[in-house]
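Take a look at the structure below.
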Amino acid sequence: MNDQRSPVMPIPAPAHGRLSVPRTAIVDVELPEPPGAANPFDREATATLRGPDGEIMTVPAFYDSRLGYRARVSFPRPGAWTVQTYDEAGVALTDEPLRVDVDAAGSDRGGLQIDPAYRRHFAWADGTPFFFRGYEANWLLMLDQHDDELTRLDAFTDSILEAGFTAVTVNAYAHSFRQYVPADLEHDPRWVVPSIAPWIGGNGNPDYGRLDPDFFAHMDRAVAYLHGRGLVTHLMIHVYNKDVNWPEPASPDDDRYWRQIVARYQAYGSIIWDTAKESYHRPAGYIWTRLATIRKYDGYRRLVTAHDTNPPPNVTWGRQYLHPDNELVEALTDVTSDQILQDIHADACEHHRRTSKPYINIEFGYESGLEDLPSDDPDHDQSWEEVTRRMWHIVLGGGYPNYYYRNTAWSLFVPFPTPPGYRAVRHLADFWDALEHRRLTPVSGVATAAVPVMVRADIGREYVVLTDEAVPVTLDLPEGAQLHATWFSPLSGERHDAGPADGGSAQFSPPSDWTLSVLHLR
């Protein structure tokens with residue numbers, strides 16, 4: 001994906017004939033009306049793609065009262081493809097398939113996946129490593145609902161890309177947050193309250209049998225825009241504490257919404273599916289059915305996760321969520337997304353040791369707003385320095401951070417002026433993107449200091465050593481090692497040469513006026 005301002009909108013195409021497209025194209029195959037249920041949203045037509053190397057994948061079609069029946073597809077590689085559409089009984093809807101020639105010219109990294117060589121990390125389909133630096137903005141897809149230029153989304157995206165973020169973590173739909181934001185503030189444009197919802201009738205009087213084409217037209221444009229800018233969209237399909245009038249869980253009305261979401265957005269290789277923001281608010285059994293629904297309808301098998309929690313046993317608020325059957329949720333997902341605010345580094349290390357899949361700490365801290373405005377629990381408020389410290393603890397544990405800023409994370413959306421934490425994210429991005437981070441694993445027993453010390457290393461070749469205070473660090477290197485050491489400040493981005501480091505025990509002292517300090521040897 002290249003950074004481009006124009007959304008990568010689907011190209012409409014007939015269900016038969018011939019079409020030539022670039023390899024980055026998203027195509028909407030227009031289906032003849034299939035037979036089936038009285039409600040057109042419940043007719044489960046499909047499209048089967050056959051590729052140049054014999055690959056076969058089947059995706060669901062969706063119904064839109066303006067667009068009709070469509071199957072939204074993309075093509076994993078260049079070459080000659082066919083797309084044949086079928087009704088729910090498996091009867092072809094056209095005598096001939098659509099034949100698609102996918103051009104090999106241009107660049108496309110393909111879909112995001114687990115790195116096959118380093119399974120605790122991400123890579124694009126072409127092998128390019130991906131470092132997840134998430135930015136949680138729950139109402140992001142509800143911005144600009146009546147602005148086709150996506151003015152606020154465009155300006156916000158510029159700012160977070162410049163800061164080094166690589167992903168946004170968003171709700172498919174959230175309404176309001178009256179638990180912390182008084183209703184009278186909802187008339188202030190600084191708070192986002194969507195005027196349209198997934199269903200005809202809106203959030204107040206939803207007709208669950210009919211999905212709103214205006215809502216999905218806007219969501220289509222926003223998702224396509226984020227994809228075009230090169231951002232991964234970590235899409236949380238449900239949320240349970242944002243005043244949404246959801247259908248009955250696991251009902252036909254519920255399934256209809258989930259099927260529409262998966263059918264419309266699976267073609268984008270930049271999607272990570274998440275069952276819900278804070279999935280633990282629903283029984284594990286229901287989350288299992290949602291994971292199964294995603295797997296059933298996603299022909300591309302995009303990455304799937306469930307925003308869960310794994311608090312220490314002595315944390316009272318977390319006890320209600322510590323269900324043994326949640327372990328199956330862990331087994332059914334591709335990526336772990338846990339909400340951990342204590343023992344952050346230890347938790348990341350434990351996941352790195354125990355599971356061979358990427359680990360995201362999806363909620364670990366909340367940078368203070370430059371303006372003190374109602375947004376969430378007042379306790380969710382940390383300095384940018386503290387949030388930076390926690391981010392580095394996660395990364396030193398082999399995990400990936402998902403950032404919150406109090407003035408953009410929830411319905412309050414005041415992204416400018418940008419907070420000071422953006423600079424620290426830029427420093428983290430510049431540091432880690434210059435390394436082969438996948439080769440470095442959390443290790444213990446190789447470094448000592450007067451305070452706790454965290455190390456991620458490729459033993460004998462490269463070391464990243466972190467302390468929360470500026471204290472001397474002693475590092476034990478293998479005999480014969482010939483490395484060079486540099487001090488790095490995560491808060492300021494400053495670097496200081498620390499000289500050569502040969503095999504054996506060596507001590508290094510950081511600049512005395514620093515706090516959070518990183519020693520890098522390679």
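The set of residues from the range 97-117 being surrounded by fewer than 17 Cβ atoms within 10 Å (Cβ to Cβ) and assigned to a loop (DSSP other than H, G, I, E, B) comprises Ala104, Ala105, Gly106, Ser107, Pro116, Ala117. Of Gly90, Gly111, all but one fail to be free of Cβ contacts under 8 Å to residues at least 24 places away in the same chain and either small (Gly, Ala, Ser) or touching a Lys or Arg at 6+ places or on another chain (Cβ under 6 Å) (or both); the exception is Gly90. Cβ-Cβ contacts under 7 Å between residues 6 or more apart (or on different chains), taken from a first residue in the range 9-23 that is not assigned by TED's automatic domain parsing to the domain that holds Arg221 to a second residue that is of a type in the set (Ser, Thr, Tyr), are listed as Ala15/Thr85; Ala15/Thr94; His16/Thr94. Count of the range 256-273 residues, restricted to those that are part of a helix (DSSP H, G or I) and over 18 Å from Arg70 (Cα atoms), is 0. Within the range 190-212, which residues are more than 24 Å from Thr408 (Cβ to Cβ) and aliphatic (A, V, I, L, M)? Within the range 190-212, Ile200, Leu211 qualify. Residues that are at negative phi and in a loop (DSSP other than H, G, I, E, B) occur in the range 391-403; there is at least one. Screening Tyr225, Tyr240, Tyr265 for residues that are surrounded by fewer than 20 Cβ atoms within 10 Å (Cβ to Cβ), among the hydroxyl-bearing types (Ser, Thr, Tyr) and either in contact (Cβ under 8 Å) with a residue 12 or more places away in the chain or within 25 Å of Thr336 (Cα to Cα) (or both) leaves exactly one candidate, Tyr240.
Just one of the listed residues (Arg210, Arg178) is touching a helix residue (DSSP H, G or I) at 6+ places or on another chain (Cβ under 9 Å), surrounded by fewer than 19 Cβ atoms within 10 Å (Cβ to Cβ), assigned to a loop (DSSP other than H, G, I, E, B) and in contact (Cβ under 8 Å) with a residue 24 or more places away in the chain, namely Arg178.
One residue stands out among those in the range 284-302 that are in a loop (DSSP other than H, G, I, E, B) and touching a residue at least 12 places away in the same chain (Cβ under 8 Å): the one that is nearest to Ser337 (Cα to Cα), which is Arg302. From the list Asp101, Asp126, the lone residue that is of a type outside the set (S, T, N, Q), closer than 22 Å to Thr24 by Cβ, free of Cβ contacts under 8 Å to residues at least 24 places away in the same chain and out of contact with any helix residue (DSSP H, G or I) (no Cβ under 9 Å at 6 or more places or on another chain) is Asp126. Of all the criteria given as (1) closer than 24 Å to Glu367 by Cα; (2) in contact with a strand residue (DSSP E or B) (Cβ under 9 Å, 6 or more places away or on another chain); (3) not β-branched (Val, Ile, Thr), the one not satisfied by Phe416 is (2).
The values are calculated or read from the model by the stated rules, or taken from the named source; none is laboratory data. This structure is a prediction, so every number in the text was calculated from the model and none was measured. Positions of Cβ are generated from backbone atoms using ideal geometry, with glycine treated the same way; all protein chains shown enter the neighbour counts.
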